[in-house]
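Heads up: the structure comes next, in structure tokens.
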Amino acid sequence: MRLRRYGDAGQAFPIYITVVGGLLFLAFAYFAVGQAAANRNGAQTAADAAALAAAQDRRDELAGAWISELLDWAKWLDIFAGNAEGVGPSCWRANELAAQNDAQVLSCEPEGRLGFTVEVETNKPVGHSIVPGTEDRRANASATAVIESRCDFKPPAADAGENVLPRLSCKGKDWDLKPGDPPEILPKPEDLFDVHLAD
């Protein structure tokens, strides 16, 4: 009489199902983490762009103020320090750039006279995943952009005359300015000021 032999196939199947289920769970978990990271990166990109846009708008206004006061060089130092009359708010540019990056500005605050800190929130939530409560969560991020003067100058000699302007030196480039110089030969906003994200 033959003895009945039992294989391991029936016992291995539940283990196989358990292992596959665990691997699928890990895959979905990594996918959820990837979704959140991508959303966070999108928020940071929007915040960086918004802060830079606000600072660049302020830089352009300061450059315009400098051109307006070109003949009154005594006011140059104040303008290069961010103190200029008639400079308007620049956070509207932050709102524009955030919208272009599918986000909205939660706050936009000046950092002194030469910078802006912007906080944004993404318009799209993380979405459905195996992590409960993430469906409606949106990513937030903030960034600070600063404006730095690139220029310095020395007042002309006392006997130089009323219409003599100082030589303007901006990061290795010099301008010998004269009253009546056409706008196209004057320094551009990016020559006068540097705009960058704060470290």
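The values are calculated or read from the model by the stated rules, or taken from the named source; none is laboratory data. In this text, all values refer to a predicted model and were calculated from it rather than measured experimentally. For neighbour counting, all protein chains shown are included, and Cβ atoms are generated from backbone atoms with ideal geometry for every residue, glycine included.
Checked against (1) surrounded by 15 or more Cβ atoms within 10 Å (Cβ to Cβ); (2) part of a loop (DSSP other than H, G, I, E, B), Gly88 meets all criteria but (1).
Given the structure, is Gln44 closer than 15 Å to Glu119 by Cα and either in contact (Cβ under 8 Å) with a residue 24 or more places away in the chain or assigned to a loop (DSSP other than H, G, I, E, B) (or both)? Answer is yes for this residue.
Checked against the criterion of being part of a strand (DSSP E or B) and either of a type in the set (D, E, K, R) or within 30 Å of Pro156 (Cβ to Cβ) (or both), the candidates Glu119, Glu96 yield just one match: Glu119. Contact annotation: residue pairs with Cβ atoms under 6 Å, 6 or more positions apart or on different chains, pairing a residue in region 157-186 that is within 20 Å of Phe80 (Cβ to Cβ) with a partner that is among the basic types (Lys, Arg) and surrounded by 10 or more Cβ atoms within 10 Å (Cβ to Cβ), are Cys170/Arg150; Lys171/Arg150; Asp174/Arg167; Asp176/Arg167. Restricting region 47-78 to residues that are free of Cβ contacts under 8 Å to residues at least 60 places away in the same chain and of a type in the set (D, E, K, R), the residue that is farthest from Val146 (Cα to Cα) is Asp72. Among the criteria (1) surrounded by 14 or more Cβ atoms within 10 Å (Cβ to Cβ); (2) at pLDDT 90 or above; (3) out of contact with any Phe, Trp or Tyr (no Cβ under 6 Å at 6 or more places or on another chain), the one Ile147 does not fulfil is (3). No other residue among Glu69, Glu61 is of a type in the set (Asp, Glu) and either more than 34 Å from the chain's Cα centre (by Cα) or at pLDDT below 95 (or both) apart from Glu69. If only residues of region 105-144 that are modelled with pLDDT under 95 and among the polar types (S, T, N, Q) are counted, the one that is farthest from Asn41 (Cα to Cα) is Ser129.
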